[in-house]
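Undergrad: Sharing a structure with you now.
The values are calculated or read from the model by the stated rules, or taken from the named source; none is laboratory data. All values derive from a computational prediction rather than experimental measurement. Neighbour counts are summed over all protein chains in view; Cβ atoms, including those assigned to glycine, are modelled from backbone coordinates with ideal geometry.
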Amino acid sequence: MACDFCGSLKPAWSYTTKSFLFELGPGTIIRCRGNWRACDACKPDIDAGNFEPIIDRLEAGRKEQGQEVSASARANVKSYMEEFALHRQGEAVKHEPKPPAERPFEVAGNELIN
């Protein structure tokens, strides 16, 4: 799982939204629904409706991967986040870290024990 805003691999919050349609570009429409995951860094900016720092973090992550973010893509992402804000329902819900799942088997040396 990742933050739906900046891509961080440590989402700790979720926001519920009403379903909505968003046009990514000519002929490309996506349906957005359900819970949006957010990391600790994005949550204060989301709550304040301040999306520029989130987009900056998203862009920095893309640059680390060798990808460029065009000005039009940046504007599109901001519009997408503004649509999220219009359809958001209620406050964020904190997710408690889950303990590691128990393994359904034990490993003894090189042998599996059921």
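Undergrad: Do you know which residues across the range 15-30 are of a type outside the set (D, E, K, R) and either part of a strand (DSSP E or B) or in contact (Cβ under 8 Å) with a residue 24 or more places away in the chain (or both)?
TA: Tyr15, Thr16, Thr17, Ser19, Phe20, Leu21, Phe22, Leu24, Gly25, Thr28, Ile29, Ile30
Undergrad: I'd like the full set of residues that are part of a strand (DSSP E or B) and either free of Cβ contacts under 8 Å to residues at least 40 places away in the same chain or closer than 16 Å to Ser79 by Cα (or both), limited to the range 38-53.
TA: The one that is part of a strand (DSSP E or B) and either free of Cβ contacts under 8 Å to residues at least 40 places away in the same chain or closer than 16 Å to Ser79 by Cα (or both): Cys39.
Undergrad: Within the range 15-32, is there a residue that is surrounded by 13 or more Cβ atoms within 10 Å (Cβ to Cβ), under 12 Å from the mean Cα position of the chain (by Cα) and not aromatic (Phe, Trp, Tyr)?
TA: Checking the range 15-32: not a single residue is surrounded by 13 or more Cβ atoms within 10 Å (Cβ to Cβ), under 12 Å from the mean Cα position of the chain (by Cα) and not aromatic (Phe, Trp, Tyr).
Undergrad: Is it fair to say Arg62 is under 30 Å from Leu21 (Cα atoms), surrounded by 10 or more Cβ atoms within 10 Å (Cβ to Cβ), at pLDDT 90 or above and among the basic types (Lys, Arg)?
TA: No, not satisfied.
Undergrad: Out of (1) of a type in the set (Lys, Arg); (2) surrounded by fewer than 16 Cβ atoms within 10 Å (Cβ to Cβ); (3) within 14 Å of the chain's Cα centre (by Cα), the odd one out for Lys43 is which?
TA: Tallying (1) of a type in the set (Lys, Arg); (2) surrounded by fewer than 16 Cβ atoms within 10 Å (Cβ to Cβ); (3) within 14 Å of the chain's Cα centre (by Cα), Lys43 fails exactly one: (2).
Undergrad: Determine which single condition Ala12 fails, assuming it passes every other condition in (1) closer than 16 Å to Ala85 by Cβ; (2) part of a strand (DSSP E or B); (3) out of contact with any Phe, Trp or Tyr (no Cβ under 9 Å at 6 or more places or on another chain).
TA: Only one criterion is unmet by Ala12, namely (1).
Undergrad: I need the full set of residues from the range 46-59 which are hydrophobic (A, V, I, L, M, F, W, C) and surrounded by fewer than 16 Cβ atoms within 10 Å (Cβ to Cβ), in order please.
TA: Ala48
Undergrad: Here is a list: Arg103, Arg57, Arg88. Which entry is of a type in the set (Lys, Arg) and at pLDDT below 90?
TA: Arg103
Undergrad: So which pairs qualify, if the first residue must be in the range 69-97 and closer than 16 Å to Ser14 by Cα, the second must be among the aliphatic types (A, V, I, L, M), the Cβ gap must be under 6 Å, and the two must be at least 6 apart or on different chains?
TA: His95/Ala12
Undergrad: Keeping to the range 14-42, report how many residues are aliphatic (A, V, I, L, M) and at pLDDT 90 or above.
TA: Total meeting the criteria: 2.
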